[in-house]
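Inspection log for the structure reproduced underneath, given as structure tokens.
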Amino acid sequence: METATGSHKPRRDPTIRDVAHRAGVSKSLVSLVLRDAPHVSETRRQQVLSAIAELGYKPNRMARGLTTARSDTVGILLNDLSNPWFVDLLAGLTASLHAASLGSIIADSHTDLRVGRRSVETLVAHGVDGLIVVGTTSESAAIAAASATVPIVLAGTREPDLGNVDIAVNDDYAGASLATEHLVALGHRHIAHLRGPGLIGDLRKAGYDDAMVAAKLDHTRYQEYGGMSEDSGFSAARRLLTRPDRPTAVFAFNDITAIATLSAADDLHLDVPSDLSVVGYDNTYLSRIRHLSLTSVDNGNFAVGVQAAKFLLERLDNPRLPQRIHLVDTQLYIRRSTRTA
């Protein structure tokens, strides 16, 4: 009795390499098409889709992880972990990501640059599904390049402004207007502004400028660049407060530079708020410390974090969405660092 033995090998399922070979493209480009990533030409996209259909390619769970780089993790790029402004925003952000069963990898751009490491490239190399950039960073070029391969959302910053990158941020112009109008209402006429960097700094300056002009006050007389740090804020505040025509009130770019202003005033034996009123921005936990009791603009950081996560989750499902911008309302919290002139 003869036993038939087949001479044909079992048919194997097509792989991403087969798709790339049939389409005449690289495996990485096939991965981009499978993820529906932007910046792939329609001609190339159709080549890949045709090859997939011809071969009957169906990525299984393991193949999906290899071809689409879905790791269920999101990269979070911070400008500087030492700034308490990030605390509430990260709380809203990570809570929303956790609810969607996504983990996170946090990188500190400020620290990484000092040791010669590029945070954006590092996060992308780790295979994150998307990237959320929190705060102003100097890695705009790297972010622009990465946006061609992974979904990106900006949280608490407007830079870089790219057509395929969403923005979740507070209304900086309105918040600065609130702070300045509060000081005007208290009777102050010599109101200074410690300016900050980037588009956020420009918007807060514009809010200050317009509120001063509306009150028929000089908006050019008392302006100094205070940066974002305590050191730069202290130097700028000291320049203002040692002038013979020193201001009676200061609106600072953030809580850190506002607290630096309190330190400069103390060094010069100026009492806050009797001699000087001070307003910060961000309403961090520092502003609520009893002996500081800093009047500050709350920029809805928790809500900004929640919205940034929402944008990213939507963009993971549809990377080709047009840019969306969401502004969170601001609110002024009045404490003991301000009083009538």
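Remarks
- Condition check for Gly130: small (Gly, Ala, Ser) and under 19 Å from Glu314 (Cβ atoms): yes
- Residues satisfying the stated conditions in the stretch 173-192, i.e. assigned to a helix (DSSP H, G or I) and in contact (Cβ under 8 Å) with a residue 40 or more places away in the chain: Ala174, Gly175, Ala176, Leu178, Ala179, Thr180, His182, Leu183
- Pick from the stretch 290-341, criterion more than 30 Å from Leu162 (Cβ to Cβ) and modelled with pLDDT under 95, ranking: surrounded by the most Cβ atoms within 10 Å (Cβ to Cβ): Ala341
- Single residue of the stretch 78-113 satisfying the filter (among the small types (Gly, Ala, Ser) and not in a helix (DSSP H, G or I)) that is modelled with the lowest pLDDT: Ser82
- Candidates Val279, Val213, Val250, Val272, filtered to the one that is without any contact (Cβ under 8 Å) to a residue 24 or more places away in the chain and closer than 23 Å to Arg339 by Cα: Val213
- Screening the candidates Leu262, Leu217 for the property of being buried (at least 18 other Cβ atoms within 10 Å of the Cβ) and either modelled with pLDDT of 95 or more or more than 30 Å from Ile152 (Cα to Cα) (or both) yields one hit, Leu262.
- Residue among Ser277, Ser287 that alone is of a type in the set (S, T, N, Q), surrounded by 18 or more Cβ atoms within 10 Å (Cβ to Cβ) and farther than 25 Å from Thr136 by Cα: Ser277
- Filtering Asp172, Asp166, Asp161 for residues that are surrounded by fewer than 16 Cβ atoms within 10 Å (Cβ to Cβ) and at pLDDT 90 or above leaves a single hit, Asp161.
- If the condition is being closer than 20 Å to Ala265 by Cα and buried (at least 22 other Cβ atoms within 10 Å of the Cβ), then the stretch 175-191 contributes Ala179, Thr180, Leu183, His188, Ile191.
- The residue list Val48, Val33, Val19, Val25 contains one member that is at pLDDT below 80, surrounded by 12 or more Cβ atoms within 10 Å (Cβ to Cβ) and of a type outside the set (Gly, Ala, Ser), which is Val33.
- Hey, Asp129 under 29 Å from Arg204 (Cα atoms) and of a type in the set (D, E, K, R) or not: no
- Test result for Leu194, at pLDDT 95 or above, surrounded by 24 or more Cβ atoms within 10 Å (Cβ to Cβ) and in contact with a strand residue (DSSP E or B) (Cβ under 9 Å, 6 or more places away or on another chain): yes
- Leu327 out of contact with any strand residue (DSSP E or B) (no Cβ under 6 Å at 6 or more places or on another chain), assigned to a strand (DSSP E or B) and touching a residue at least 12 places away in the same chain (Cβ under 8 Å): yes
- Count of residues meeting criterion [within 21 Å of the chain's Cα centre (by Cα) and aliphatic (A, V, I, L, M)] in the stretch 192-242: 5
- Highlighted here are the helices (runs of 4 or more DSSP H) found entirely within the stretch 211-320 that include at least 3 residues which are of a type in the set (S, T, N, Q): 255-267.
The values are calculated or read from the model by the stated rules, or taken from the named source; none is laboratory data. From a predicted model like this one, the values you see are computed outputs, not experimental measurements. A quick note on method: Cβ atoms are made from the backbone with ideal geometry, for glycine too, and the neighbour counts reach across all protein chains shown.
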